[in-house]
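Every read-out reported here was derived from the displayed coordinates using simple, explicitly stated rules and does not represent laboratory data. Nothing here was measured: the structure is a model prediction, and the numbers come from that model. For neighbour counting, all protein chains shown are included, and Cβ atoms are generated from backbone atoms with ideal geometry for every residue, glycine included.
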There are 2 protein chains.
Amino acid sequence: MVLRVLLVDDHRVLREGLEAALNALPDIAIIGSVGAGADALARLAETHADVVVTDQSMPGMDGLELAASIRRSYPETRCLLLTMHEEAFLRAEARRVGAHGLLPKSTSAEELARSIRLVAGGGTAFPPEAAAPDGGREGVRLTPRERQVLNLIVQECSNVQIAESLFISVQTVETHRKNIFRKTKAQSLVGLINFAHANGLVKP
Amino acid sequence: MVLRVLLVDDHRVLREGLEAALNALPDIAIIGSVGAGADALARLAETHADVVVTDQSMPGMDGLELAASIRRSYPETRCLLLTMHEEAFLRAEARRVGAHGLLPKSTSAEELARSIRLVAGGGTAFPPEAAAPDGGREGVRLTPRERQVLNLIVQECSNVQIAESLFISVQTVETHRKNIFRKTKAQSLVGLINFAHANGLVKP
DNA sequence: ACAGAAATACCCACCGGTGGGTAGATGCCT
DNA sequence: AGGCATCTACCCACCGGTGGGTATTTCTGT
């Protein structure tokens, strides 16, 4: 049985390369190759896919949002995320939205193919937990509100602007801010922004 | 005549994909595929390459540094940079270190192949100037000292720490900082850090 | 020789974020 | 019912970065 795979990545050079590599395999058929989340949804409306392989960082809809959307509209389609970011933080997010796998881009094409077969067969493909007990960032779990505040911080909003846009007081924003700092172990605002970038929380 | 090409990218999935796509072409031969700048130099010491195709963002040595190094040691080898960042700023840097081309990762495999042939033939491959006269960031030209200061800022150094590590006064650091802000049109520290990330100035 | 860029350094004033607390009101899970 | 997480809000104090200036020395290109 041949697996029908849809590729989603804004980098054509990667997409077309992967197409060439995966199409060479007898049990995988690339039934689409698009550069944006919206295009992926449009393609899925036309034809069925067994597995969607998507990049995380994309302009507009990112991989997590796409996975969440696919989960709602096509629950039988499996979703495999590719990321160039630190997986520890994203893994939790990927599980949260119901994705079936998350692989770093340093994965080989062969491993990717194996993972595609794995998730198509009902399994999940997440990288090993990489047990880092030294108080690393693997356990960073931000609340929805904190994620929202962090997003606005990254978008260059001041505390006053954040307070206005969320209809809360500036002191509350400062409290959220402190909690985010504590959880991410950031030493300064710069460290926090770097954290956001390193974990794919910023749109390109 | 067959062009000998060396691929450099820390993302195996892209590298192996590109290998498959380019090896399918009769006039291109992939003579190596490595994941780091140091490995690329080691490979070049073993065998000759006509064109090196390298990613910009890599841990350790980045694409610009690799290109500069190749320029010194193997002046006849051509160097083509691939980047996922905004090209405007990097283009100037790429020209500065003597690279022969800079392409966004949104380029198609076919265009990449054309550019490989182009630079191998003695030409250069830089994206169109994308004339943006509306005071965009295409003209951002930081001085060496400013680049140094910006790097330290991104590494979470305070002004005092920067002053100490560069053996200058804090006021001078503040002056550099102001000039960087003016040139990059950043509205806040967050905007500045975002600029650094968007232009590939931060190591992964 | 002269213009211009680059790097250095200082002045003053301001405010916004940082760090340290404490605490009430929800709502959810067991 | 009790426990826990989350969201909300306030207090106080401090300092570091921001924005506005001006000015000197050195070097480079023409």
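Remark: mean inter-chain Cβ contacts per residue of A:6-16 equal 6, using a 10 Å Cβ-Cβ cutoff to other protein chain atoms. Summary value for region B:46-204: 22 percent relative contact order, contacts being C-alpha pairs under 8 angstrom separated by 6+ residues.
Taken along the Cα-to-beta-carbon direction at a fixed 7 Å, the label points for A:Ser169 and A:Arg95 span 3.7 nm. Straight-line reach from B:Lys203: taking Cα to Cα under 19 Å and skipping same-chain neighbours fewer than 8 places apart, the lysines in range are A:Lys105, A:Lys203, B:Lys105.
Pairwise Cα distances in region B:3-120 exceed 17 Å in 48 percent of cases. Counts of other chain beta carbons within 10 angstrom of each beta carbon in peptide A:150-161 average 2.
Explain nothing, just the number: relative contact order of region A:1-133, from Cα pairs under 8 Å at least 6 residues apart, as a whole percent. This gives 21 percent for region A:1-133. Exposure proxy shown here: for A:Val51, B:Val52, the number of other Cβ atoms within 10 Å sets the order, fewest to most, as A:Val51, B:Val52.
In the protein assembly as shown, a dipole from Cβ-located charges (positive for Lys and Arg, negative for Asp and Glu) runs towards its positive end, and of A:Ala20, B:Leu41, B:Leu66 it is B:Leu66 whose Cα lies farthest in that direction. Couplings 3J(HN,Hα) for region B:50-60, derived from phi with the Karplus relation 6.51 cos²θ - 1.76 cosθ + 1.60 (θ = phi - 60°), are 7, 9, 9, 9, 10, 6, 7, 7, 9, x, x Hz, where x marks Gly and Pro. Look at A:Lys178, A:Lys203 and count the other Cβ atoms within 10 Å of each Cβ; fewest to most, that gives A:Lys178, A:Lys203. Model label points for A:Gln148 and B:Gln161, set 7 angstrom from Cα along the Cα-to-Cβ axis, are 3.3 nm apart. Among the helices of chain A, none built from whole DSSP H runs has Cα atoms reaching 18 Å or more along its own axis together with a mean Kyte-Doolittle hydropathy of at least -1.0. Expressed as a fraction of 2.2 N^0.38 Å, the value expected for a compact globular protein of N residues, the C-alpha radius of gyration of region B:49-204 is 1.13. Sorting B:Glu146, B:Glu76 from the fewest to the most surrounding beta carbons within 10 angstrom yields B:Glu76, B:Glu146. Helix content alone sets the calculated 222 nm mean residue ellipticity of the protein assembly as shown: runs of n ≥ 4 DSSP H residues at -39500 (n - 2.57) each, divided across all residues, give -15000 deg cm²/dmol. Only alpha carbons enter this Debye calculation for the protein assembly as shown, each as an equal point scatterer, and the log10 of I(q)/I(0) it gives at q = 0.11 Å⁻¹ is -0.91.
Mark the label point 7 Å from the Cα of B:Tyr74 along Cα→Cβ and return the residues of region B:25-51 whose backbone N is within less than 12 Å of it. It comes to B:31-34, B:38-51, nothing else.
Rounded to 0.05, the FRET efficiency of the B:Ala36 and B:Thr124 pair, given R0 = 25 Å and the Cβ-Cβ distance, is 0.50.
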